[in-house]
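These notes concern the structure reproduced below.
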Amino acid sequence: MFKRAIMVAAIGALTLGSTAACSNNSSSGSTSGSSSMPTVKIMVGGIDKQIYLPFQLAQNLGFYKKYGVKVELSTEVNGGVGAEDAMASGQVDMAGAWYIHTIDFQSKGKQVEDVVQLSGAPGEREMCGTKSGVHSAADFKGKTLGVTDLGSGTDELTQFLAAQKGISHSEYHTLAVGAGATAIAAIQRGTAQCVMTTQPTVGALETKKLGYSAIDLATTQGAQGALGGAWPAAGVLAETSWVNSHKEAVQKVVDALVATTHWISTHSASEIADKLPTQFVQNATITKDEYVAGLTTDKGQFLPDGIMPAGGPKTVFAMEKLIGTDVSKVDIATTFTNDFAVEANRVEGLQTTTTPAGADG
């Protein structure tokens, strides 16, 4: 079973905008040279999470339509099939998921690549209960640590943070707590001393005075300090064979998302929140003001140009190796491409600001 991406907060399945249910046919995207508007199905690993907000924002800004593609968005559901697994099994064409899964898939012999990089940091924080006594990964020993799901990106990050401090996996316990209300409950009930989670769950824990941020992986600076370099997280993943046979459709999706990340970089958190569905920014766990405050703090994780940052793949690759993933079959140069993002920036008349990763990562 392939490793899971971050799971959606506990709001159930969402059908949003022009979202349609996933079908078992992944041949919906237009092949290169087609003149009709292609339809592309994308499942996101938690579409209401701030780390994945570009996907729905692009829909609400009308950018998919502007660039000539019909995108049907769906979201990973707590306890259901992971977005990247749905993509790999052909249920959808693309996945809004972490770059790290391309390495996971390649290690198992399946060629998946990242076609546009949306963020340069995981967007996560290790949120620890007020009585936990945890202030760094050095304090993980003997603790129960919440992750979205066992084998998920948050699980791998937790293992890496512990390993950096010489703490083996047998010296702490990991618990699948999901996100949103279920992650908050784990801290509140004491079933986990810490949880690795994102906004808006981070803001809710702080507002309720249930926990504090012990490790910052949400900002680029924090991620570089804790993880040793740029750590590309949210991106768009697809099977390489599908990318090669649907290049026109892929380019249109990337055009729309690069336009969106540039829009994010030139607008305030409040302006961004105003363009998102109400239930994303104001619900049972968070107020709109809290959502905006969290986004203001963490907005820097988004890359305005969609370019894979220099050194990012190598940092993730080194992490996978340290936590025991067999990377001997992985060709890092084929886990991502900047070609589509470079073209998207050219179309937009934008100058790229990210130093790109080369073929060696």
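For the peptides 224-230, 162-168, 115-121, the ranking by mean Cβ contacts within 10 Å, running from highest to lowest, is 115-121, 224-230, 162-168. Using the alpha carbons alone, the radius of gyration of region 146-268 stands to its Kirkwood radius in an Rg to Rh ratio of 1.05.
Roughly speaking, to the nearest percent, how much of region 42-86's 1.4 Å accessible area is carbon and sulfur? Carbon and sulfur together cover 53 percent of it. Kirkwood radius and radius of gyration were both taken over the C-alpha atoms of the chain, and their ratio Rg/Rh is 0.94. Of H169, H135, H267, H246, the residue with the largest accessible area leads and the full order is H135, H169, H267, H246 (1.4 Å probe). Bridgeable aspartates and glutamates around K70 (alpha carbons under 15 Å apart, same-chain partners fewer than 8 residues away excluded): D93, E248, D255. All other residues whose Cβ lies under 14 angstrom from that of N244 are scored, Lys and Arg at +1 and Asp and Glu at -1, for a net of -4.
Listed by chain and number, the aspartates and glutamates whose alpha-carbon sits under 19 Å from that of K209, ignoring those within fewer than 8 places in the same chain, are E124, E126, D289, E290.
For region 216-361, the fraction of alpha-carbon pairs lying more than 20 Å apart is 57 percent, rounded to a whole number.
Please report, in debye to the nearest 20, how large the charge dipole of the chain is about its Cα centre when each Lys and Arg carries +1 at its beta carbon and each Asp and Glu carries -1 there.
Dipole magnitude for the chain comes out near 500 debye.
Just the number, please: carbon plus sulfur as a percent of the accessible area of region 287-361, 1.4 Å probe, no ligands or DNA/RNA counted.
53
Of the three principal axes defined by the Cα atoms of region 252-313, the extents in descending order read 38, 26, 19 Å. With all pairs of different C-alpha atoms in the average, the Kirkwood value for the hydrodynamic radius of region 35-189 is 17.4 Å. The residues of the chain expose, per residue, 36 Å² of accessible area to a 1.4 Å probe. For the chain, modelled as a GNM whose springs connect Cα atoms under 10 angstrom apart, the maximal fluctuation among N345, N244, N60 occurs at N244.
The values are calculated or read from the model by the stated rules, or taken from the named source; none is laboratory data. Since this is a predicted model, take the numbers as computed values, not measurements. Quick reminder, even Gly has a Cβ in these numbers, built from the backbone with ideal geometry, and neighbours come from all protein chains shown. Note: areas computed on protein heavy atoms with side chains; ligands, DNA, RNA excluded. Shrake-Rupley method; radii C 1.70, N 1.55, O 1.52, S 1.80 Å.
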